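The values are calculated or read from the model by the stated rules, or taken from the named source; none is laboratory data. None of the values given here were measured: they were computed from a predicted structure. Heads up, the Cβs are rebuilt from the backbone with ideal geometry, glycines too, and the neighbour counts pull from every protein chain shown. Calculation scope for accessible area: heavy atoms of the full protein, side chains included, ligands and nucleic acids excluded. Shrake-Rupley method; radii C 1.70, N 1.55, O 1.52, S 1.80 Å.
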Amino acid sequence: MIEIVAPAGNLKKLKIAVNYGANAVYAGLSQFSLRSRSAKEFNEESFLEGINYAHSKNVKVYATVNGFHTSAQLDGLKRHLKTLERLKPDALIIASVGAMKLAKEFAPNIPIHVSTQANVLNYADAQVYKELGAKRVVLARELSLKDACDIANNCDVELEAFVHGSMCFAYSGRCLISAVQSGRRSNLGSCANDCRFPYELYAKNPENNALFRIEENESGTHIFNSKDLNLAKYIDKIVQSKAISALKIEGRTKSEYYVACAVRTYAKALKDALNNTFNPSEYEAELNTLKSRGFTDGYLINRPYEKDDTQNHITSIMQGTMQVQAISEDGEFFASKGILRVNESYEIFAPNDILIPQCDNEIGKIFCKDGKYFLEFKKLINEKNKEFNELHSGNINLCKSPVKLCEFVFLRS
């Protein structure tokens, strides 16, 4: 079975990923994770709650310990590994060999997955990590599918590959720009995303120190800004290769809707690939609803030197084709994320294979059109039966659904 491995930036996103079709989620609990901001979203209690919730749905949890640690941090790392041993996630994602050695000592009962930051590009490296005790290797993003097949044929270790999400312009994510400009070290989990900023380029005359701006337009250029990875249309080829055990989605700091949409889309693509009903245009349309920096198919299918479209030089982010207007955690009341009005139709976005009931009552109606389901409010009523003309993002009032739906359902337009 090929896994869909999804980002879980906090407990709510973990639950969304689980409900939308993830087979495993990955999350961090401390400064030893490469996403220190999302790691702060968890404490021991909520992390354990997430593990128990995932396990109740037969979904695995992988704990990220994938930073590069200084000597001063090692005592803290040992204590953290002891904590994880007690919490019992299904694996530890580790980048450094020193941390792997400590994990074998302080968390000996938890399997080890080698992080993509370890930059495994060949079967010799993969074999070394296996001998060090690794069960799985998360492949370098720079790797081709052919090279992944070579590793699979020469080393008996599980292979995981990134298929979607943000890409770093630096090789294997080894970036120092954030440290230089912001004093935030990306290899310790506190990247400030300086590569997404607009920059201005100048030529300098060394004789008189005059600077000449050499820009294409008045806004500068996003010269370091890599497009986002999107391999949805190649999932069938990845499946056919029989080399990859898990498909990984980046994005622990991205939105709740991003997690839901990306997980649902790749789960559907994987299912279709296995059932010979593969439909790339369907997956592309769904992923285009997300905010992105534009999409690239990265390096798994094509070599880097064959490509000249991996950078978005225009903007740091692009709006998707859909705007999320609301989310319901319990299926009964919606929290506004955009704007809700009466007599406007909102598309219902729910997990795959969920039955959406149609209805028509005093609160609103749910109907099917062209294979999609829509909700139209006749009244916006909160939990205390107070009525509103419209509800905006940030409003603490929850809006009653005309009929109970599933957990973590979205409305979009």
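Quick notes
- Residue match in region 17-35 (condition: in a helix (DSSP H, G or I) and in contact with a Pro (Cβ under 6 Å, 6 or more places away or on another chain)): yes
- When every residue of region 338-353 is checked against the conditions, at least one turns out to be under 27 Å from the mean Cα position of the chain (by Cα), open to solvent by 40 Å² or more (accessible area, probe 1.4 Å) and not hydroxyl-bearing (Ser, Thr, Tyr).
- Residue that is farthest from the chain's Cα centre (by Cα), among those in region 371-413 that are of a type in the set (S, T, N, Q) and open to solvent by 70 Å² or more (accessible area, probe 1.4 Å): 385
- Lone qualifier among 301, 244 - being at pLDDT below 95 and among the aliphatic types (A, V, I, L, M): 301
- Selection from region 158-169 of residues that are modelled with pLDDT of 95 or more and open to solvent by 20 Å² or more (accessible area, probe 1.4 Å): 158, 162
- Residue 33 meets all of the listed conditions (1) in contact with a strand residue (DSSP E or B) (Cβ under 9 Å, 6 or more places away or on another chain); (2) at pLDDT 90 or above but one, namely (2).
- Residues satisfying the stated conditions in region 129-157, i.e. aliphatic (A, V, I, L, M) and surrounded by fewer than 18 Cβ atoms within 10 Å (Cβ to Cβ): 132
- When 371, 364, 394 are checked against the criterion of being out of contact with any Phe, Trp or Tyr (no Cβ under 9 Å at 6 or more places or on another chain), within 17 Å of residue 326 (Cβ to Cβ) and of a type outside the set (A, V, I, L, M), a single residue qualifies: 394.
- Within the option set 265, 253, 289, 296, being hydroxyl-bearing (Ser, Thr, Tyr), at pLDDT below 95, touching a helix residue (DSSP H, G or I) at 6+ places or on another chain (Cβ under 8 Å) and surrounded by 15 or more Cβ atoms within 10 Å (Cβ to Cβ) holds for one residue only, 253.
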